[in-house]
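**Q** Quick one: this structure, given as structure tokens, is what I'll be asking you about.
The values are calculated or read from the model by the stated rules, or taken from the named source; none is laboratory data. It should be emphasised that the depicted structure is a prediction, and the values quoted were computed from it without experimental measurement. Note that each Cβ is placed from the backbone with ideal geometry, even for glycine, and that neighbours are counted across all protein chains shown.
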């Protein structure tokens, strides 16, 4: 079993983004108070950055445990969020998307989504040892003969996890 | 996706703040202000200027304050929906602009829809029937469209409508609806008049889009995966729709950000020729006469459209094409 967490550096940057967003949008919302459009626009954006900060905090107390049988999410503080489990045998959807930060797609991050009938995990590539989880998910997807889009297959290839070779070895 | 939206919005908010500052610098750049220009004009005409009233106006609208204070007042006013005061029209900007922003938006939106509806089938047909007589004819018409300035096409249409049909085609609605509240009759009248400016403004954009779609699609159609699809017996239409067309659309989605402001600012001369009650002519006049609050409001409107357009195109691109560039740098 391996344990995977979001690194401190990534989380720190996410907190900084949330803080900067709030710092910009909340004063603008206050200045625009009383006018319908401006107020709601900046209030909405402030709320979004607040949720983003909350989400970053949730990530800081989240661990993914990878075993040969599946992937478990553990929350170290909120027990109600702990214990969600994706057994590889029940995996029914697998996508790997790329979110570009530049127009030429030379920078960005990937997001792996694994889903069963009841549970869905979306994991960013900033997670420690993300490739190991991606490789295990792809192997399970191939075993379960899941349909995968061309984009997902190309993205796995870009990660260095070649679906064609895995298929042969499977 | 949520993280992506937050990233994009975090770029958008400070960008708008920075643009508002640049816009204010630009409208303040010419020496003096509207009131100084007014005094000069009155002196040249030999008419006495009411200096007390002018000083009162300067004080009322903060033109005697330091630059940064003026900017902060203006930006705070914008946030609160107060667009300032138009010195030339001697009315609040919101009242001067009136329906013009909405009418500009309607004309621009209709032009974009017209461009896409006409360009897509023609571009796809031209690419899939390369060098046929239809492709050559459409290419010729496309080049004509690209080479013809919009205002010239407007003049030609005004002339032909006058000579052939004995009718005026200027304006965006019947005269009885100008300055009147929005009614069903006014909307119908706008729709009746809309097609002419839409064709005039949209023709060059349509021609450009046809050329680009044809070129992008031709590139895609020659790639290995399309040949493989054909060899495996995929129906041609399904094969075309599934990947090559989607891939060739990426540049259009990237361009959404530039499209709206281009259509609005590019229609200035057409709006003069066709006597359209849109923002183009008013922006031009406001910049000439240093009517700073009016010009600033228009420029901020254009900037807002650009930033929103870029946000929409970034989100649409992330949704439609979630691939990494294989030769790209490592992911974060």
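**Q** Quick one: residue B:120 ticks every box in (1) within 26 Å of residue B:286 (Cα to Cα); (2) touching a residue at least 60 places away in the same chain (Cβ under 8 Å) except a single one, so which number is it?
**A** (1)
**Q** So, in segment A:113-124, how many residues would count as being in contact with a helix residue (DSSP H, G or I) (Cβ under 8 Å, 6 or more places away or on another chain) and surrounded by 16 or more Cβ atoms within 10 Å (Cβ to Cβ)?
**A** 4
**Q** Read through the list (1) buried (at least 19 other Cβ atoms within 10 Å of the Cβ); (2) under 18 Å from the mean Cα position of the chain (by Cα); (3) in the same structural domain as residue A:152 (by TED's automatic domain parsing), then give the number of the only condition that residue A:105 fails.
**A** Evaluating residue A:105 over (1) buried (at least 19 other Cβ atoms within 10 Å of the Cβ); (2) under 18 Å from the mean Cα position of the chain (by Cα); (3) in the same structural domain as residue A:152 (by TED's automatic domain parsing) leaves (2) as the failure.
**Q** Within segment A:125-137, can you find the residues that are more than 7 Å from every other protein chain (Cβ to nearest Cβ), within 25 Å of residue B:320 (Cβ to Cβ) and either touching a helix residue (DSSP H, G or I) at 6+ places or on another chain (Cβ under 9 Å) or in a loop (DSSP other than H, G, I, E, B) (or both)?
**A** A:134, A:137
**Q** Also: Taking residue B:254 as meeting all but one of (1) more than 14 Å from residue B:104 (Cβ to Cβ); (2) at pLDDT 75 or above, write down the number of the exception.
**A** (2)
**Q** Let me ask another. I'm checking my understanding of the structure. Among residues of segment A:94-118 that are closer than 16 Å to residue B:322 by Cβ and assigned to a loop (DSSP other than H, G, I, E, B), which one is farthest from the other protein chains (Cβ to nearest Cβ)?
**A** My answer is A:102.
**Q** In segment B:117-147, how many are within 19 Å of the chain's Cα centre (by Cα) and exposed (fewer than 15 other Cβ atoms within 10 Å of the Cβ)?
**A** Of the residues in segment B:117-147, 1 are within 19 Å of the chain's Cα centre (by Cα) and exposed (fewer than 15 other Cβ atoms within 10 Å of the Cβ).
**Q** Is there a residue in segment A:26-41 that is free of Cβ contacts under 8 Å to residues at least 12 places away in the same chain, crowded, with 18+ Cβ neighbours inside 10 Å, over 25 Å from the mean Cα position of the chain (by Cα) and not in a helix (DSSP H, G or I)?
**A** Scanning segment A:26-41, I find at least one residue that is free of Cβ contacts under 8 Å to residues at least 12 places away in the same chain, crowded, with 18+ Cβ neighbours inside 10 Å, over 25 Å from the mean Cα position of the chain (by Cα) and not in a helix (DSSP H, G or I), so the answer is yes.
**Q** Of the residues B:234, B:239, B:172, only one is within 14 Å of chain A (Cβ to nearest Cβ) and either in contact with a strand residue (DSSP E or B) (Cβ under 7 Å, 6 or more places away or on another chain) or not in a helix (DSSP H, G or I) (or both); which?
**A** None of the others qualify; the one that does is B:234.
**Q** I need the helices (runs of 4 or more DSSP H) fully contained in segment B:1-64, keeping only those with at least 2 residues that are touching a residue at least 60 places away in the same chain (Cβ under 8 Å) and either more than 14 Å from every other protein chain (Cβ to nearest Cβ) or over 26 Å from residue A:99 (Cα atoms) (or both). Walk me through how you get there before you give the answer.
**A** Working: elements: B:2-28, B:34-45, B:51-60.
In segment B:1-64, the matching helices (runs of 4 or more DSSP H) lie at B:2-28, B:34-45.
**Q** Which number in (1) at the interface with chain B (Cβ under 10 Å from one of its Cβ atoms); (2) under 24 Å from residue A:113 (Cα atoms) marks the one condition that residue A:91 misses?
**A** Going through (1) at the interface with chain B (Cβ under 10 Å from one of its Cβ atoms); (2) under 24 Å from residue A:113 (Cα atoms) one by one, residue A:91 breaks only (1).
**Q** Take segment A:138-156 and flag every residue that is touching a helix residue (DSSP H, G or I) at 6+ places or on another chain (Cβ under 7 Å), within 14 Å of chain B (Cβ to nearest Cβ) and surrounded by fewer than 21 Cβ atoms within 10 Å (Cβ to Cβ).
**A** Residues of segment A:138-156 touching a helix residue (DSSP H, G or I) at 6+ places or on another chain (Cβ under 7 Å): A:138-140, A:142, A:148, A:153, A:156.
Among the residues that remain, those that are also within 14 Å of chain B (Cβ to nearest Cβ) are: A:148, A:153, A:156.
A:148, A:153 - these are the residues of segment A:138-156 that are touching a helix residue (DSSP H, G or I) at 6+ places or on another chain (Cβ under 7 Å), within 14 Å of chain B (Cβ to nearest Cβ) and surrounded by fewer than 21 Cβ atoms within 10 Å (Cβ to Cβ).
**Q** Identify the single condition in (1) away from every other protein chain (no Cβ under 14 Å); (2) crowded, with 22+ Cβ neighbours inside 10 Å; (3) modelled with pLDDT of 80 or more that residue B:285 does not satisfy, given that it satisfies every other one.
**A** Only one criterion is unmet by residue B:285, namely (2).
**Q** Do we have residue A:87 as surrounded by fewer than 19 Cβ atoms within 10 Å (Cβ to Cβ) and without any contact (Cβ under 8 Å) to a residue 12 or more places away in the chain here?
**A** no
**Q** Which members of segment B:70-100 meet the condition of being within 13 Å of another protein chain (Cβ to nearest Cβ) and touching a residue at least 40 places away in the same chain (Cβ under 8 Å)?
**A** B:74, B:75, B:78, B:83
**Q** Starting from segment B:307-332, take each residue that is more than 8 Å from chain A (Cβ to nearest Cβ) and farther than 15 Å from residue A:99 by Cβ and list its partners that are surrounded by 15 or more Cβ atoms within 10 Å (Cβ to Cβ) and modelled with pLDDT under 75, counting only C-beta distances under 6 angstrom and pairs at least six apart or across chains.
**A** Hits for this filter: B:309/B:256; B:309/B:257; B:309/B:260; B:310/B:257; B:312/B:256.
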